[in-house]
1. Being out of contact with any Cys (no Cβ under 6 Å at 6 or more places or on another chain) and on the phi > 0 side of the Ramachandran plot, is that true of even one residue in segment 163-171?
2. Going residue by residue through segment 112-120, is there one that turns out to be out of contact with any His (no Cβ under 6 Å at 6 or more places or on another chain), within 16 Å of residue 169 (Cβ to Cβ) and surrounded by 14 or more Cβ atoms within 10 Å (Cβ to Cβ)?
3. Quick one: how many residues across segment 73-97 are farther than 24 Å from residue 120 by Cβ, touching a residue at least 40 places away in the same chain (Cβ under 8 Å) and more than 19 Å from the chain's Cα centre (by Cα)?
4. Taking the conditions exactly as written (surrounded by 12 or more Cβ atoms within 10 Å (Cβ to Cβ), of a type in the set (Ser, Thr, Tyr) and free of Cβ contacts under 8 Å to residues at least 40 places away in the same chain), does residue 147 satisfy them or not?
5. Starting from residues that are more than 16 Å from residue 162 (Cβ to Cβ) and of a type in the set (Phe, Trp, Tyr), keep the ones in segment 84-111 and report whichever is surrounded by the fewest Cβ atoms within 10 Å (Cβ to Cβ).
6. Quick check on residue 126: is it surrounded by 19 or more Cβ atoms within 10 Å (Cβ to Cβ) and at pLDDT 95 or above?
7. From 145, 140, 159, grab the single residue that is small (Gly, Ala, Ser), more than 27 Å from residue 103 (Cα to Cα) and modelled with pLDDT of 90 or more.
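The values are calculated or read from the model by the stated rules, or taken from the named source; none is laboratory data. Quantities reported herein were computed from a predicted structural model and do not represent experimental measurements. Heads up, the Cβs are rebuilt from the backbone with ideal geometry, glycines too, and the neighbour counts pull from every protein chain shown.
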Amino acid sequence: MRSRVGEKLLVEKRGQIFILDYPGEDNGVRRTIEPCPNVNVQARPYGKHLYKEKIVELEKAKEFCNRWLPAWTGNNPELLVSFYSDDAFYSDPFIPQGLKGNELILKYFRKFVSYYPNWKYEYVEIFPTEKGFTVKWKVSLPINSDTIVDFGLDIVEISNDKIIRNEVYFDTARLQKAIKEKQSQKT
């Protein structure tokens, strides 16, 4: 093991976070371990070693998701698009080529979220990245007397607290089947 003089690492062990402190120049032989009870980590994006900056980024990503994901509920596309920069890029399985710019994204959101004003998104896991995060999410989609639960992933890049890139990935088969069933019940 190389010397880590003065370096502090956050390490996850059995669901708890510990600070490892390498105070000496003895190649890490002397080290102290102190519990860090106020840190809650759901994602493990960097294996065993979770660096302090990544914990901060994870907390920021959680905070952002707690504001952004509820905006998908309630058929309020103007609120939803307010999380995106003016020149944002958005794509999902229905528009794999994507849309560039707030106006096009808003037009798409007006149609897309109107289908299901009562769906609810929540994050399952968040993985911080250099420019934002990847979020594994769960959606509960009420359809008539049934609720469809599905999962997907978003790649999210953020600048100045606005989404500049959002790529959405999920299996569309169940959602498309539900849309067809709902449309057939209208006629």
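1. no
2. Checked segment 112-120: at least one residue is out of contact with any His (no Cβ under 6 Å at 6 or more places or on another chain), within 16 Å of residue 169 (Cβ to Cβ) and surrounded by 14 or more Cβ atoms within 10 Å (Cβ to Cβ).
3. Within segment 73-97, residues that are farther than 24 Å from residue 120 by Cβ, touching a residue at least 40 places away in the same chain (Cβ under 8 Å) and more than 19 Å from the chain's Cα centre (by Cα) number 1.
4. yes
5. My answer is 94.
6. no
7. Being small (Gly, Ala, Ser), more than 27 Å from residue 103 (Cα to Cα) and modelled with pLDDT of 90 or more holds for just one of 145, 140, 159, which is 140.
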